[in-house]
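These notes are about the structure you will find just below.
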Amino acid sequence: MMSGIALVSDKGVLLNAAADDRNAPFTIRGLTVSYGQVPAVYSIDFTAPAGSLIGILGPNGAGKSTLLKAAMGIVPVVSGQVSFFGKPLKEARYQVAYVPQRASVDWDFPATVYDVVLMGLYPILGLLRRVSKADKAKVAESLAKVGMQDFADRQIGQLSGGQQQRVFLARALTQRADVFLLDEPFSGVDAATETAIISVLKILQLEGKTVIAVHHDLSTVSTYFDHLFLLNRKAVAYGSVTKVFTKDNLVTAYGGKLGAAQLDAIGL
Amino acid sequence: MGSEFVALGLTPILIAAFASMACALPGNFLVLRKQALIGDAISHVVLPGIVVAYLLTGKLSTWPMMIGAAGAAVTSVILIEMIKRLGQIEYGAAMGVVFTAMFAAGVLLLEQSDTSRVHLDVEHALFGNLETLIWLQSDGWASFLRFEDLAQLPPQFVRMFMVLLITSAFTYVFWRPLVLISFDEAYARTIGARATIIGFLLVVLATMAAVAAFDAVGSIIVIAMILCPPATARLLTNDIKTQVLLSLFLALSATLVGYITAGYLPLWLGFSNTLSAAGMIATVSGLLLAISAIYGRHRNRIT
């Protein structure tokens, strides 16, 4: 099924070799997820090399969010395996941070920015451990990284959409994970937020972390990501952006939903 | 406040206060998780449980009925979860299906079996028998220090107090995961907060509080207290810890004001009879919600 798809990254790393799975930060093998009778995504194979910044792209309903949710154990999987550093999620939970879609929660919840970012420390705080000075410093550091240090005491419902998205990213940063899975982090945010978020992601990449983000803006793909995963219920293409971000691949992934004008606009 | 008050007034007030607070505590998270209707659901589903308990034991005694009611409630909670997951529908719809079906099953059981001798009192189910939960053996406050007098406390007193202790302990110990799953359940799952188990325990706890409270104070207080004090408190603060503490205070206040109003207001107005205390407590909690909905500082929901 995957024949003819470029699976070698531009660094020369073989991406589809089973032997590499053992130490790869994030691997998916034969993953199928379905809602009722309809498969949402099927037979997905995917390996994310360390230090990569990967965009997942595809039309609406392609299963991009579902893929991340299945990887994080939020939606049930029909078949296939997901592993992080060669271990199932259960054993690697603290090495993985997930940023859900901003619209998936009710922001009218009675909590402050500080409260939400502190949630990222739940794995070490557990049920009853007191919040220490060091914990508070971690929260402050994460907030500073996304430029929200002045908003710690603000009720989350009083933030703009972009600020809420940055709070979600800060919460994930507090986990100090090695793999970050982000669901539409650039969706409906202002330009300043978009810049803030992509610079945080690029810094994570420089630190050797693996970052995977669901994305929908074709015009920024080449500047944001080094790898691209094109998805439309099944894998269309995966590899370095320079190899995968082609007109043919995009037409295959998006079908008739992508006009010639849009392709022209991004220079393809 | 002498011995007459301790014998006749104090225990009903305290039992009602324990019941109100035990329901309001889990109610905070149920309201935030948009599951507040669970109080209504439980009040409907306990009927088949009570009928089955009666059919099995042949008598109308408290413990078998409470166990039957709790069994039916837990069964329905499991059914609601299953329908929600398997049918991929929202919680409210699954709840509606289950509680009407369970209530219908209860009525059917009642009609088809020889239970004509059973007097299922609608008024008891709604308003409980709060005014009869008196402590006749006591002779003033000193009775709280005498073991033989304490042993004569109404059983509902001890039961509701235990339930309040259990709900308080649960809320204290599981505070962090409760807040997490109420705000962002998907994320809670990814950081190992055991969202499914905590969510299930929350509903089981509310069920326990509700079933214990039905017997003591009737379903009206249960339905009102799961919803009104938490919703009122939410409109008065933007901090969840403050909200929960405030909801306890509001539940207690509604109980005191409601009980006293029911007992004395008609007399002051020149009538000779009194009002239902449970009904008045629920009314006061509703009035507090209405007032906060108009004047609350944080009523910014309508956009």
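Just so it is clear, none of the values below were taken in a lab; they were calculated from the coordinates. Bear in mind that the values here come from a model prediction, so they are computed numbers and not experimental data. Using ideal geometry, Cβ is built from the backbone for each residue, glycine included, and neighbour counts are taken over all protein chains shown.
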If each residue of separation counts as 0.36 nm, what is the full-extension length gain between residue B:275 and residue B:165 once their alpha-carbon separation is subtracted? 36.6 nm
³J(HN,Hα) across region B:248-255 via Karplus (A = 6.51, B = -1.76, C = 1.60, θ = phi - 60°), whole Hz, x for Gly/Pro? 5, 4, 5, 4, 5, 4, 4, 5
Any idea what angle helix A:161-174 forms with the longest principal axis of chain A, computed on alpha-carbon atoms, 0 to 90 degrees, nearest 10? 80 degrees
Check cross-link reach from residue B:84 to the lysines: straight Cα distance under 26 Å, and skip same-chain residues fewer than eight apart. A:64, A:69, A:90, B:34
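Using the scaling law 2.2 N^0.38 Å as the reference, what is the normalised Cα Rg of chain B?
On the way: Rg = 19.9 Å, N = 303, 2.2 N^0.38 = 19.3 Å.
Scaled against compact globular proteins, the figure is 1.03.
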Nearby aspartates and glutamates by direct alpha-carbon distance to residue A:136 (threshold 14 angstrom, same-chain neighbours under 8 apart not counted): A:115, A:153
Using the Karplus curve 6.51 cos²θ - 1.76 cosθ + 1.60 with θ = phi - 60°, work out ³J(HN,Hα) for each residue of region B:84-97 in order, rounded to whole Hz, and write x for Gly and Pro. 4, 6, 5, x, 6, 10, 6, 4, x, 5, 4, 5, x, 4
One finds, for residue A:144 and residue B:113 with R0 = 60 angstrom and r their Cβ-Cβ distance, a FRET efficiency to the nearest 0.05 of 0.30
How many angstrom lie between the Cα centre of region A:219-268 and the Cα centre of region B:53-88? 55 Å
Residues in region B:1-30 that a label on residue B:268 would reach, taking backbone N under 12 Å of a point 7 Å out along Cα→Cβ: none
In which sequence would B:139, A:153, A:115 go, from the one with the fewest C-beta neighbours within 10 Å to the one with the most? A:153, B:139, A:115
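I want the local charge near residue B:194. Using Cβ-Cβ distances under 13 Å, sum +1 for each Lys or Arg and -1 for each Asp or Glu among the other residues.
Working: positive: A:90, A:93, B:176, B:189; negative: B:185.
Counting the neighbours of residue B:194, the net charge comes to +3.
Which whole-number percent is the relative contact order of region A:18-255 (Cα, under 8 Å, 6+ apart)? Don't skip to the answer; put the middle values down first.
Working: 450 pairs, mean separation 66.7, N = 238.
With pairs under 8 Å counted, the relative contact order is 28 percent.
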In a Debye calculation with equal point scatterers on the alpha-carbon sites of region B:1-118 and no solvent, what is log10 I(q)/I(0) at q = 0.18, 0.19 Å⁻¹? -0.98, -1.03
Among A:119, A:95, A:231, whose Cα lies farthest out toward the positive end of the dipole of region A:18-255, if unit charges sit on the beta carbon of Lys, Arg (+1) and Asp, Glu (-1)? A:95
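Roughly how big is the protein assembly as shown's charge dipole about its Cα centre, with Cβ charges of +1 (Lys, Arg) and -1 (Asp, Glu), in debye to the nearest 20? Write down the numbers at each step before the final one.
Details: 42 positive and 38 negative charges, 274 e Å.
Charge dipole, the protein assembly as shown, about its Cα centre: 1320 debye, nearest 20.
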What translational D, rounded to a whole number of µm²/s, comes out for chain A from Stokes-Einstein when the hydrodynamic radius is the Kirkwood one over Cα pairs, at 25 °C and 0.890 mPa s? 128 µm²/s
Starting from the Cα coordinates of the protein assembly as shown, work out the convex hull volume and express it per residue in Å³. 193 Å³
For a quick check: sort B:85, A:171, A:29 by the number of other beta carbons within 10 angstrom, fewest at the front. B:85, A:29, A:171
Which residue fluctuates the most in chain A, going by a Gaussian network model with Cα springs under 10 Å, if the choices are A:78, A:38, A:211? A:38
Among B:69, B:233, B:144, the residue whose Cα sits farthest towards the positive end of the charge dipole of chain B (+1 at Cβ of Lys and Arg, -1 at Cβ of Asp and Glu, taken about the Cα centre) is B:233
Using the 10 angstrom Cβ neighbour count as an exposure proxy, how do B:147, B:29, B:157 rank, fewest first? B:147, B:157, B:29
With springs only between Cα atoms under 10 Å apart, run a GNM on chain B and tell me which of B:255, B:196, B:171 wobbles the most. B:196
Pseudo-spin-label distance residue B:100 to residue A:79, built 7 Å along Cα→Cβ, given in nm, is 4.0 nm
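Given R₀ = 35 Å, what would the calculated FRET efficiency be for residue B:151 paired with residue B:200, taking r from the Cβ atoms and rounding to 0.05? Present the calculation step by step, with values, prior to reporting the outcome.
Values: r = 36 Å, r/R0 = 1.02.
My answer for the efficiency is 0.45.
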Distance (nanometres) between label positions extended 7 Å along Cα→Cβ at residue B:142 and residue B:294: 4.9 nm
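Taking the Cα centre as origin and putting +1 on Lys and Arg beta-carbons and -1 on Asp and Glu beta-carbons, what dipole magnitude results for region A:18-255, to the nearest 20 debye?
That gives a dipole near 540 debye.
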